[in-house]
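A.B. asks: One structure, pasted below without further comment.
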Amino acid sequence: MPTVRVTRRVHFSAAHRLHSPALSEEENRRIFGLCNSPNWHGHNYELEVTVEGQPDPVTGYVVDLAAVRDAAESVTRDLDHRNLNLDVPWLADTIPSTENLVVAIWERLKPRLPAGRLVRLVLWETPRNSAEYSGE
């Protein structure tokens, strides 16, 4: 039986500020540039959720993509139209870079999907910038 990967894409919009309390104000401005604005900035994120498995002989599905969508949206609902620095308790004490955000989303999403099925997340911050994570 072949192993197949399927992907569902979901969308959310959020604001954030890249700022490290371990750095001085000057270092934060130098490292993070415009992303360090004390007035925040926002993105229209796209999240690709990829699951893997063998197609069911009856349905032909690896997994029902509606279930993947529902699981992903149960996580992104916490993020949508929020300030990632201030409004999302599970991101407290985390610099909300795309890299850190994709790992945090993985940790929230993995238990909501069938065991062993989640194999990859790609979080698009802009049409040109993304971070990919496949678990540890």
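All of the numbers you see were taken from the coordinates with simple rules; none came from a lab. Predicted, not measured: the structure shown is a model, and the values here were computed from it. Note: ideal-geometry Cβ built from the backbone for every residue, glycine included; neighbour counts use all protein chains shown.
A.B. asks: Compute the helix-to-body angle for 98-109: its Cα long axis versus the longest principal axis of the chain, expressed 0 to 90° and rounded to tens.
C.D. replies: Approximately 40 degrees, to the nearest 10.
A.B. asks: Order of PHE32, PHE12 from fewest to most other C-beta atoms within 10 Å?
C.D. replies: On the way: PHE32 17, PHE12 21.
Ordered by Cβ neighbours within 10 Å, fewest first: PHE32, PHE12.
A.B. asks: What angle do you read, to the nearest 10 degrees and between 0 and 90, between the alpha-carbon axis of helix 65-76 and the longest principal axis of the chain?
C.D. replies: Long axis of 65-76 versus the principal axis of the chain: about 20 degrees.
A.B. asks: Please rank VAL75, VAL88, fewest neighbouring Cβ atoms within 10 Å first, as an exposure proxy. Each step should come with its number before you reach the end.
C.D. replies: Working: VAL75 21, VAL88 18.
By the 10 Å Cβ count, ascending: VAL88, VAL75.
A.B. asks: So if I take the alpha carbon set of the chain, get Rg, then get Rh from the Kirkwood formula, what is the Rg over Rh ratio? List each step's numbers first, then the result.
C.D. replies: Values: Rg = 16.7 Å, Rh = 16.0 Å.
Radius of gyration over Kirkwood radius for the chain works out to 1.05.
A.B. asks: Continuing with this model, one more query. Counting pairs of Cα atoms in the stretch 3-49, how many percent are more than 18 Å apart? Could the numbers behind the result be given before it?
C.D. replies: On the way: 525 of 1081 pairs.
Roughly 49 percent, once rounded to a whole number.
A.B. asks: If you don't mind, there's one more thing I want to ask. ALA22 to LEU113: extension gain in nm, 0.36 nm per residue of separation minus the Cα-Cα distance? Please list the in-between numbers first.
C.D. replies: On the way: separation 91, 0.36 × 91 = 32.76 nm, distance 3.57 nm.
Result for the pair: 29.2 nm of gain on full extension.
A.B. asks: Rank-order 63-72, 2-11, 43-52 by packing density, defined as the average count of other C-beta atoms within 10 Å over each peptide's residues, highest first.
C.D. replies: On the way: 63-72: 17.0, 2-11: 13.6, 43-52: 19.0.
Ranked by mean Cβ neighbours within 10 Å, highest first: 43-52, 63-72, 2-11.
A.B. asks: With contacts defined as alpha carbon pairs under 8 Å and 6 or more residues apart, what's the relative contact order of the chain in percent? Could the numbers behind the result be given before it?
C.D. replies: Working: 222 pairs, mean separation 41.1, N = 136.
Taking the mean separation of contacting Cα pairs over the length of the chain, I get 30 percent.
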